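Only one structure is covered here, and it is reproduced in the block below.
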Amino acid sequence: MVIFKKINDIKHYIYLQNTSGTATGFVPTMGALHAGHLSLVGKAKADGMLAVCSIFLNPTQFNDKNDLNKYPVSIEEDIELLIKGGCDVLFMPSVNEIYPDGESGAKTYDFGYLDTILEGATRPGHFRGVGQVVARLLEIIQPHNLYIGQKDFQQCMVIKKLVEMTGMSKINVIICPTAREADGLAMSSRNRRLTEPQRTIAGVIYQCLVSIESKQNAADFEVVKKECGDLLAAKGFIPEYIALADARNLALLSNYQKDVPMVALIAAKIGEIRLIDNVLLGK
Ligand code: PAF
């Protein structure tokens, strides 16, 4: 695996690879890698791509600076995992390299409705930061395929919109299934911050999502939502939202709808740790 820190160097390397016939598959990350990230790298490789991964802890997407300061960092381990996972190129830019005009100087994008609900409403400014960094990384890497995880469902929609808005629609945005632990907990870098007792009960979020899915033909969403809220609270979580939405546009739904592709989404906090997850509702 080749590691680059400078934009000009990685651009030159990718250009040479592309001209010799290999397309680029890009996996953006903030580090603290886990099997979910590696599955994205694996998918890029399986698709025959030059697998390029970035590790950049983007300061502009943290509305809570405490969350930024406590975000797990494990560069040495990450590099080992990427090598084992078959990654070809790692990009590890500095903040100056990504934001040469300062953090507030980077171009911002308006995601409209998507930025007003769920993660947008509970983390003001978060998607503005995601938009800034992803636009910048895509401009640098110019991938053919972009691999992102379904765990951040709303972020996936924001990134798809960004790709359209910036005229980069030739990039294929490939949304990959959420990687889960044995108890269903969605893999996330933030899981590392859970204490052992917190980790033991954290699978309850997925249990709630499964229950929302399994009751779709038998109950009112409001009733299931209340049961889930109570269960999460009984385990010590503070639910931020338990929501049902149209999976095509994230329009919030007050009840299950026939003939609408739906997604159930949960955000909940335990101690200082905020976890999110979602499932698509099959028929
Ligand atoms: O999902 C993440 O890890 C980040 O939001 C991303 C897409 C790498 C942008 O910093």
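The values are calculated or read from the model by the stated rules, or taken from the named source; none is laboratory data. Bear in mind the structure is a predicted one, so any value in this text is a computation, not a measurement. Heads up, the Cβs are rebuilt from the backbone with ideal geometry, glycines too, and the neighbour counts pull from every protein chain shown. The accessibility values were calculated without ligands, DNA or RNA, using every heavy atom of the protein model including side chains. Shrake-Rupley method; radii C 1.70, N 1.55, O 1.52, S 1.80 Å.
A few comments on the model shown:
- The chain - share of DSSP beta bridges that are antiparallel (%, nearest 5): 50 percent
- Our analysis of the stretch 243-283 gives Rg over Rh at 1.08, with the two radii drawn from alpha carbon positions and Rh computed by the Kirkwood formula.
- Cα-based Rg of the stretch 57-106 normalised by 2.2 N^0.38 Å, two decimals: 1.39
- Per residue accessible area of the stretch 151-190, 1.4 Å probe, in Å²: 45 Å²
- Here is the short version for the chain: C53, C87, C156, C176 have no other Cys C-beta closer than 4.7 Å.
- Rounded to two decimals, the Cα-based Rg/Rh of the stretch 11-168, with Kirkwood Rh, is 0.95.
- Taking every alpha-carbon pair under 8 Å whose residues sit at least 6 apart, the stretch 1-70 reaches a relative contact order of 30 percent.
- Dimensions of the chain from C-alpha coordinates, computed as largest minus smallest value along each principal axis and given longest first, are 57, 41, 38 Å.
- Remark: the stretch 1-102 carries a charge dipole of roughly 160 debye about the Cα centre, counting +1 on each Lys and Arg Cβ and -1 on each Asp and Glu Cβ.
- Calculated over the stretch 7-97: convex hull of Cα atoms, volume per residue (Å³): 99 Å³
- Net length gained if the chain between E227 and A46 were fully extended (0.36 nm per residue, minus Cα distance): 61.0 nm
- Burial ranking of peptide ranges 98-111, 192-205, 232-245, 40-53 (average Cβ count within 10 Å, highest at the top): 40-53, 232-245, 192-205, 98-111
- Label-zone membership for the stretch 212-230, site R180, 7 angstrom Cα→C-beta point, backbone N under 16 Å: 212-216
- Whole-number percent relative contact order across the chain, with pairs defined as alpha carbons under 8 Å at least 6 apart: 17 percent
- Computed on the Cα atoms alone, the convex hull of the stretch 71-147 gives a volume of 140 cubic angstrom per residue.
- Working ranking of peptides 13-23, 175-185 by packing, defined as the average number of other Cβ atoms within 10 Å per residue, highest first, is 175-185, 13-23.
- For the chain, calculated [θ]222 nm from helices alone, where every DSSP H run of n ≥ 4 adds -39500 (n - 2.57): -11500 deg cm²/dmol
- Whole-number percent relative contact order across the stretch 83-174, with pairs defined as alpha carbons under 8 Å at least 6 apart: 26 percent
- The alpha carbon radius of gyration of the stretch 134-254, expressed as a multiple of 2.2 N^0.38 Å, is 1.27.
- For the stretch 206-255, accessible area per residue (1.4 Å probe, heavy atoms of protein chains only), Å²: 52 Å²
- Peptides 59-66, 127-134, ordered by how many other C-beta atoms sit within 10 Å of their residues on average, highest first, read 127-134, 59-66.
- FRET efficiency, 1/(1 + (r/R0)^6) with R0 25 Å, evaluated for I75 and Y15 via beta carbons: 0.45
- Within the accessible area of the chain (1.4 Å probe), percent carbon and sulfur: 52 percent
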